[in-house]
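> Input: one structure, supplied below.
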There are 2 protein chains.
Amino acid sequence: MNARTDTRPRIAESELQSLGERAFRGLGLTAADASDVVRVLVLADLFGLSTHGLSRIESYGERLDLGGITKTPSIRIERVAPALVTVDGANGVGPLVGMHGLRAAMEVAKECGIGAAFVRGSNHFGPISPYGYIAAEAGFASMIGSNATTTIAPWGGSDARLGNSPLGFAVPGADGAHFLLDMAMSVVARAKIRNALKAGESIPDTWGTDKDGRKTTDPKAALDGFLLPIGGHKGYGLALLVDLFAGLLSNAAYLTHVKSWVDAPDEPQNLGHFFTLIDTARLGSRAWLIERMRDFAAILHGSPAAEEGKPVIVPGEIELRNMARQREHGIDMDASVLAMLQQRAGQV
Amino acid sequence: MNARTDTRPRIAESELQSLGERAFRGLGLTAADASDVVRVLVLADLFGLSTHGLSRIESYGERLDLGGITKTPSIRIERVAPALVTVDGANGVGPLVGMHGLRAAMEVAKECGIGAAFVRGSNHFGPISPYGYIAAEAGFASMIGSNATTTIAPWGGSDARLGNSPLGFAVPGADGAHFLLDMAMSVVARAKIRNALKAGESIPDTWGTDKDGRKTTDPKAALDGFLLPIGGHKGYGLALLVDLFAGLLSNAAYLTHVKSWVDAPDEPQNLGHFFTLIDTARLGSRAWLIERMRDFAAILHGSPAAEEGKPVIVPGEIELRNMARQREHGIDMDASVLAMLQQRAGQV
């Protein structure tokens, strides 16, 4: 199922959305819930983040089939303060729970200028940037994060006790040119270390440690060990912060309490997310914001490139360019992913 | 004035607070304003962050003398939405403006569950952790940041266009054992590169670039060039985010619009800060939070040390240990800093 074919089919956004919705309905979700999940995953595919797009139908589908994820969760939202909501995802699909959290946070932020949702009882969140994009389109600046299965050792430690938790920020820009930052705390993804191993190359000693927590340049040892966070103790601190907000304060699982969906696909993970949104309209006019965001990007673009042909970019530009291209020409999809979607859709 | 003496005097917290207040009154601040400024700087000294503590009397004093910082600013606070305030610092001393922003954000956060202050018209902020500590003592989790003079090149660029902006997070812990993260986005501080140069050592090529934006292992070239951010494009993105929130959204200066206090000490910098505070009491009981924070720290401490004798620590533990020790035995101060304080205090 994971094999890539040589021909990479292209499919229009509306068609992919529709196919995805039928696939998730085939997995037992309601039409409305399937629409939420697929909106997030299609945005990921549009941004070119295909590992976090509709390809997730495979692992989500497996866990829905096994009962590890609840097909029709009764998501509960409680407004605990004028600008603060808590969300119990009732073990629903991550992007479904996430969309409920995002909408709830947008609602209170609209009313109070800033608002937050703390979400528990969820599963794999998907990437951050689709949520940040949706918020930015509605005029909100955002800080959004989720915790994740433990794969990283504490700084100076020697076993996996925290997740490579993603953290994202977005600020609305001119004509959809939003600032979109979406990052995990490891220096590189495991895939990059796997590629080095395949190529028979050593790796910088900043990428990972061996299984005893010691720095290594051997990709094999690093794959048996742990990813290293960016900036050493700084990335470690940021990863903890995300888990504190997304997990601990949300009353979700945190650190080693988070169950692995690989090792225990049939059990709830109780992952947590958080959404902090600021209504930029309360800080100044749309024209004021757009003018400043344009100027901000222009200043950065104006720095002469250190390497010929590699101009400075602002975070989000690559994803938004991918989106523009794929909205025009269709979204590049793996044939295997389309086959999975069609198979699940056939069950409706 | 910068020379360190061999004997490092110790002074009790209350005595240092009182001396500091007299010194800032000597510089023309009101008693109430001096108290705010000194509270932040003494906390920095208590945490062991002496480069960001009362030693700042030197640069703050120079700018106050020159009229670059306003001695008696009329700070204006506007509540633009139920949970959102904007603060115009009117070019006051940074920690004074910062304390106004912090208090205003705590007030709306208490009422609405989450609250934020966006601050403009300010100057050098001081370190983040004192503000995070004060908020944590009052039960607030926080995300706080400030922009700064431009010293970093955009990722892939070749001239200084963004600041090494500090970002901090805090979460209240049991018995004052708060999680305190306070970081700038560079891999190392310039001082560490200066030390390598003095020692005649080369530096890792991840610390800085030469003046053309190219990676270098030569400390001299790096000092003529730019600091590199943690995680490459990730730290670059985070530094931009801080400037977007602290500068752009606050209606303060941002990127190259920020004036250097070294090059133009007599001009207002219009720096910006932001404070986002969450009232943890709305998310669960104090006992619930303390139990979870204890467990969180215990899980991290439980990871066997990768290096004998270097146990895993949770961010904030070093600073809080320094504080406990110095509250008991007195605060270690440079004699030259005490002399400056006494000289300024003599002018009252």
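> Give the residues of region A:259-316 that are over 23 Å from B:Ala116 (Cβ atoms), assigned to a helix (DSSP H, G or I) and among the β-branched types (Val, Ile, Thr), sorted by residue number.
A:Ile299
> Can you find a residue in region A:53-74 that is buried (at least 20 other Cβ atoms within 10 Å of the Cβ), within 30 Å of B:Cys112 (Cα to Cα) and touching a residue at least 12 places away in the same chain (Cβ under 8 Å)?
Yes, region A:53-74 contains a residue that is buried (at least 20 other Cβ atoms within 10 Å of the Cβ), within 30 Å of B:Cys112 (Cα to Cα) and touching a residue at least 12 places away in the same chain (Cβ under 8 Å).
> Would you mention how many residues in region A:107-126 are crowded, with 24+ Cβ neighbours inside 10 Å and more than 12 Å from chain B (Cβ to nearest Cβ)?
The total comes to 5.
> Being more than 7 Å from every other protein chain (Cβ to nearest Cβ) and under 15 Å from B:Gly89 (Cβ atoms) is the filter; apply it to region B:234-258 and report the residue that is nearest to the chain's Cα centre (by Cα).
Only one residue fits best here, namely B:Ala246.
> Residues of region A:75-84 being buried (at least 24 other Cβ atoms within 10 Å of the Cβ) and part of a strand (DSSP E or B), which ones? Step through it out loud before you land on a result.
At the first step, the residues of region A:75-84 found to be buried (at least 24 other Cβ atoms within 10 Å of the Cβ) are A:81, A:83-84.
Scanning region A:75-84 gives A:Ala81, A:Leu84.
> I'm checking my understanding of the structure. Among residues of region A:170-214 that are of a type in the set (A, V, I, L, M) and over 23 Å from the mean Cα position of the chain (by Cα), which one is nearest to B:Lys234 (Cα to Cα)?
Start the filter on region A:170-214 by keeping residues that are of a type in the set (A, V, I, L, M), which leaves A:170-171, A:174, A:177, A:180-181, A:183-185, A:187-189, A:191, A:193, A:196-197, A:199, A:203.
Within this subset, residues satisfying the condition of being over 23 Å from the mean Cα position of the chain (by Cα) are A:174, A:196-197, A:199, A:203.
Details: A:Ala174: 23, A:Ala196: 21, A:Leu197: 24, A:Ala199: 26, A:Ile203: 19 Å.
Taking the candidates together, the pick is A:Ile203.
> Here's a follow-up. Would you check if B:Ser260 is surrounded by fewer than 19 Cβ atoms within 10 Å (Cβ to Cβ), touching a residue at least 12 places away in the same chain (Cβ under 8 Å), under 22 Å from B:Met183 (Cα atoms) and polar (S, T, N, Q)?
Details: surrounded by fewer than 19 Cβ atoms within 10 Å (Cβ to Cβ): yes; touching a residue at least 12 places away in the same chain (Cβ under 8 Å): yes; under 22 Å from B:Met183 (Cα atoms): yes; polar (S, T, N, Q): yes.
Taking the combined requirement at face value, the residue satisfies it.
> Okay, moving on. Would you check if there is a residue in region A:276-293 being more than 8 Å from every other protein chain (Cβ to nearest Cβ), of a type in the set (Lys, Arg), exposed (fewer than 14 other Cβ atoms within 10 Å of the Cβ) and more than 23 Å from A:Ser50 (Cβ to Cβ)?
Checking region A:276-293: at least one residue is more than 8 Å from every other protein chain (Cβ to nearest Cβ), of a type in the set (Lys, Arg), exposed (fewer than 14 other Cβ atoms within 10 Å of the Cβ) and more than 23 Å from A:Ser50 (Cβ to Cβ).
> Follow-up. Just the residues that are touching a Ser or Thr at 6+ places or on another chain (Cβ under 7 Å), at the interface with another protein chain (Cβ under 9 Å from one of its Cβ atoms) and either part of a helix (DSSP H, G or I) or surrounded by fewer than 24 Cβ atoms within 10 Å (Cβ to Cβ) (or both), please, taken from region B:154-183.
Result: B:Ser158, B:Asp159, B:Ala160, B:Arg161.
> Separate question: Just wondering, is there one or more residues in region A:87-100 that are surrounded by fewer than 24 Cβ atoms within 10 Å (Cβ to Cβ) and within 14 Å of chain B (Cβ to nearest Cβ)?
Within region A:87-100 (the criterion being surrounded by fewer than 24 Cβ atoms within 10 Å (Cβ to Cβ) and within 14 Å of chain B (Cβ to nearest Cβ)), the answer is yes, since at least one residue qualifies.
> Looking at region A:228-257, which of the residues that are among the aromatic types (Phe, Trp, Tyr) and not in a loop (DSSP other than H, G, I, E, B) is surrounded by the fewest Cβ atoms within 10 Å (Cβ to Cβ)?
If we take residues in region A:228-257 being among the aromatic types (Phe, Trp, Tyr) and not in a loop (DSSP other than H, G, I, E, B), then A:Tyr236 is surrounded by the fewest Cβ atoms within 10 Å (Cβ to Cβ).
> I'm told A:Ala306 meets every condition in (1) modelled with pLDDT of 95 or more; (2) within 7 Å of chain B (Cβ to nearest Cβ); (3) farther than 26 Å from A:Ser59 by Cα except one. Can you identify the failing condition by its number?
Answer for A:Ala306: the failing condition is (1).
> When you check A:Ala196 against the structure, is it crowded, with 18+ Cβ neighbours inside 10 Å, out of contact with any strand residue (DSSP E or B) (no Cβ under 7 Å at 6 or more places or on another chain) and either among the small types (Gly, Ala, Ser) or assigned to a helix (DSSP H, G or I) (or both), yes or no?
Details: crowded, with 18+ Cβ neighbours inside 10 Å: yes; out of contact with any strand residue (DSSP E or B) (no Cβ under 7 Å at 6 or more places or on another chain): yes; either among the small types (Gly, Ala, Ser) or assigned to a helix (DSSP H, G or I) (or both): yes.
So A:Ala196 passes the test.
Residues are listed down the side, and each one gets a yes or a no for (1) modelled with pLDDT under 95; (2) assigned to a helix (DSSP H, G or I):
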residue: B:Met106; (1), (2): no, yes
residue: B:Ala109; (1), (2): no, yes
residue: B:Gly115; (1), (2): no, no
residue: B:Gly121; (1), (2): no, no
residue: B:Gly126; (1), (2): yes, no
residue: B:Met143; (1), (2): no, no
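> Now, a different point. Looking only at region A:135-152, filter to residues that are of a type in the set (Gly, Ala, Ser) and within 17 Å of A:Gly173 (Cβ to Cβ); which one of those is surrounded by the most Cβ atoms within 10 Å (Cβ to Cβ)? Lay out the reasoning, then the answer.
Taking region A:135-152 first, the residues of a type in the set (Gly, Ala, Ser) are A:135-136, A:138-139, A:141-142, A:145-146, A:148.
With the extra rule that they be within 17 Å of A:Gly173 (Cβ to Cβ), the set shrinks to A:135-136, A:138-139, A:141-142.
Values: A:Ala135: 29, A:Ala136: 24, A:Ala138: 18, A:Gly139: 18, A:Ala141: 27, A:Ser142: 27.
By that ranking, first place goes to A:Ala135.
> Which condition breaks for B:Ser303 when tested against (1) more than 24 Å from B:Gly92 (Cα to Cα); (2) surrounded by fewer than 19 Cβ atoms within 10 Å (Cβ to Cβ)?
For B:Ser303, the failing item is (2).
The values are calculated or read from the model by the stated rules, or taken from the named source; none is laboratory data. Please read these numbers as outputs of a predicted model, since none were measured by experiment. Because the Cβ atoms are built from the backbone with ideal geometry, glycine has one as well, and the counts that use them run over all protein chains shown.
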